[in-house]
Amino acid sequence: MMKDHIVSAYDAQLELVNSNLIKMGGLVEDQLRNSLQSLSNKDTSFAEQIIFDDHKINALEKEIDALTYKIIAMRQPLANDLRVVLSALSISNDLERMGDHATNIAKRVANVKINLPDAPTIEIVKMGEDVQFMIKQVLDSFVKKSDKLAIKAWDSDVNIDDSYLNIYRELLETMAGNPDTITGCSHLLSIAKNIERIGDYVQNIAEDIHFIVTGQALERKSEKRINWEEINQ
Amino acid sequence: MNKIKISAKNIDVFYGDKQALFDVSMDMYEKEVTALIGPSGCGKSTFLRCINRMNDVIDICSVKGNVSIDGHDIYDKSIRVESLRESVGMVFQKPNPFPKSIYENIAYGPRIHGIANSKTDLDEIVETSLQKAALFDEVKDRLHQPGTGLSGGQQQRLCIARAISVNPEIILMDEPCSALDPIATAKIEDLMSELKKEFTIIIVTHSMQQAARVSKNTGFFHLGKLIEVDSTDTIFSNPGNQKTQDYITGRFG
Ligand SMILES: Nc1ncnc2c1ncn2[C@@H]1O[C@H](COP(=O)(O)OP(=O)(O)OP(=O)(O)O)[C@@H](O)[C@H]1O
Ligand SMILES: [Mg+2]
């Protein structure tokens, strides 16, 4: 456990950064879960609600920004404190982007004119659930300040990239087989891309958490990378 | 990394029965700034005073261990303490100009050390020392007025000019900025980055930010022990010792 600062108001400020990040992470989790649900159920009015809710995440990011600037100006944090404060800025920025991607999914669901084909939708929702699990893992690693859990979350992204590749292939085939599905499938492709990007942001956050805990950059390579050559064949 | 200029080995210091330093070993490098940090009473000033044998003048103080400069043991019988102090200058927490003119404050050292006697030589030393201490332009029209009439920051730079007037190789600074405002502090820090081109500087400071700004290496003392010494970058970003981290992040208690 970290000892308290001599100045207790400093601890209170850092704790507020911490709790705001956790709150923000929870909201992002909600947004993704909800947008996946709206996608499964083709629930346009729910999707509208999700789009509206995005502002909560943006507001929290601004709050965290303001707080970290204040801490830097007032306290000149050093060592582990400095890493926490700098990483908080980058984590909140990543969470905000994740929120945008989740909202983008809802935006497509909300557009009643788009007819989204069922079979690939199911695959995409499954992939989304895997990403949701990654978000959970990475938030958990943040709460527990565990570099090992952060690495676990980071490593999970390989599966997401795999699923994305499969979905990409499947959508190409569907479109080639039936040109009527092209509009729907290309929207689904964007949705899959949104989800895949969220996975990438989880990796960024995992790297930040590793840095906070160990003071070292996470040097890690994915075992697999999407092989676009293979797709183009 | 520059060559080792000062090497302290297994230093124990006692004030009477009370031990103030415990087995301190530390190397300090030529033409670099080394910072010493640590809570009040941890022995920073005591350690600094070992480097120019200022502890000799404290009756109850005894020093064990070895300090060498350029490989020569400074506690050796053959060493003349006067010439040691000539090559190891010191600047204190509170500016302490002599109650004499600005000119005399600087000319005094070179004169008694026999470095210069003629007026033209002394004039030149006074001017270049003031130049190096970044004070000349501010005082050139009042060299014969009292040094004590200068502002605190100017007085401290006068003390630095006085220290460098006898061509030292090493300058020890014991909290040189603690009585100064932020602008005067910035001037001294700026000056240090010039001075280190010519001198080896050891600075004791209570400001983490100052240590981080001016020094290349930093040593952290606690209860008379040197806990950790490393590059300043490492000490302030990712120190190896938990005590160091607790101290620099304000968690000491
Ligand atoms: N002349 C002295 N006589 C007796 N004890 C002394 C003397 N000078 C220092 N000490 C003791 O030696 C210990 C180290 O003191 P020192 O002045 O080196 O600490 P410091 O790290 O420079 O503290 P500060 O940051 O307050 O200047 C302290 O316990 C102090 O009381
Ligand atoms: Mg002291």
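Name the trypsin sites (Lys or Arg not before Pro) in the range A:83-161 that are in a loop by DSSP and that have at most 11 other C-beta atoms within 10 Å, would you? Display every interim value, and only then the final one.
Values: sites: A:Arg83, A:Arg97, A:Lys107, A:Arg108, A:Lys113, A:Lys126, A:Lys136, A:Lys144, A:Lys145, A:Lys148, A:Lys152; in loops: A:Lys113, A:Lys145.
Loop-located and lightly packed - A:Lys113.
DSSP loop (so not H, G, I, E, B), at most 11 other Cβ within 10 Å: list which chymotrypsin sites (Phe, Trp or Tyr not before Pro) in the range A:164-201 pass both filters. It would help to have the intermediate numbers written out before the result.
Working: sites: A:Tyr164, A:Tyr168, A:Tyr201; in loops: none.
For chymotrypsin sites (Phe, Trp or Tyr not before Pro) across the range A:164-201 that sit outside H, G, I, E and B with at most 11 neighbouring Cβ atoms in 10 Å, the list is empty.
With a Förster radius of 35 Å, plug the Cβ-Cβ distance of B:Asp123 and B:Asn241 into 1/(1 + (r/R0)^6) and report the FRET value to the nearest 0.05.
My answer for the efficiency is 0.10.
Stretched out fully, how many nm does the piece from A:Val158 to A:Asn41 gain, at 0.36 nm a residue minus the Cα gap?
Details: separation 117, 0.36 × 117 = 42.12 nm, distance 2.77 nm.
Additional length available on full extension: 39.3 nm.
Please arrange B:Leu195, A:Leu86 by counting, for each residue, the other beta carbons lying within 10 Å of its beta carbon, fewest first.
On the way: B:Leu195 22, A:Leu86 16.
Fewest to most other Cβ atoms nearby, the residues stand as A:Leu86, B:Leu195.
Size of the dipole of the protein assembly as shown about the Cα centre, Lys and Arg at +1 and Asp and Glu at -1 on the beta carbon, nothing else charged, in debye to 20?
Values: 55 positive and 70 negative charges, 290 e Å.
For this selection, approximately 1400 debye.
Once both labels are modelled 7 Å past Cα along the beta-carbon direction, what's the A:Ala119-B:Ala179 spacing in nm?
Inter-label distance under the simple model: 8.7 nm.
With chain A treated as a Gaussian network of Cα nodes joined by springs under 10 Å, which of A:Lys70, A:Lys193, A:Lys221 yields the largest mean-square fluctuation?
A:Lys221
Which is the longest stretch in chain A that no exposed loop site breaks, taking sites as GluC sites (Glu not before Pro) with a DSSP loop state and at most 10 other Cβ atoms within 10 Å?
On the way: sites that count: A:Glu219, A:Glu223.
My reading of the result: A:1-218 is the longest stretch.
Please work out, to two decimal places, the log10 of the ratio I(q)/I(0) at q = 0.22 Å⁻¹ from a Debye calculation in which every Cα of the range B:149-253 carries one identical scatterer.
-1.20
Could you give the C-alpha radius of gyration of the range B:119-211 expressed as a fraction of 2.2 N^0.38 Å, taking N as the number of residues it contains?
On the way: Rg = 13.1 Å, N = 93, 2.2 N^0.38 = 12.3 Å.
Rounded to two decimals, the normalised Rg is 1.06.
Assign unit charges at the C-beta atoms only (+1 for Lys and Arg, -1 for Asp and Glu), then state the dipole size of the range A:2-231 relative to its Cα centre in Debye, rounded to the nearest 20.
420
For a protection proxy built on the mean count of beta-carbon atoms within 10 angstrom, sort B:171-183, B:152-164 highest first, please. Show your work: numbers first, answer last.
Details: B:171-183: 19.5, B:152-164: 24.2.
So the peptides B:171-183, B:152-164, ranked by packing, come out B:152-164, B:171-183.
How many angstrom lie between the C-alpha centres of the range A:11-51 and the range B:152-198?
Spelled out, the Cα-based centre of one part sits 55 Å from the other.
Bear in mind these aren't lab numbers, they're just calculated from the coordinates by the rules spelled out. Note that the structure is predicted; figures quoted are calculated from it, not measured. When we count neighbours, we look across all protein chains shown, and the Cβ atoms used for this are built from the backbone with ideal geometry, even at glycine.
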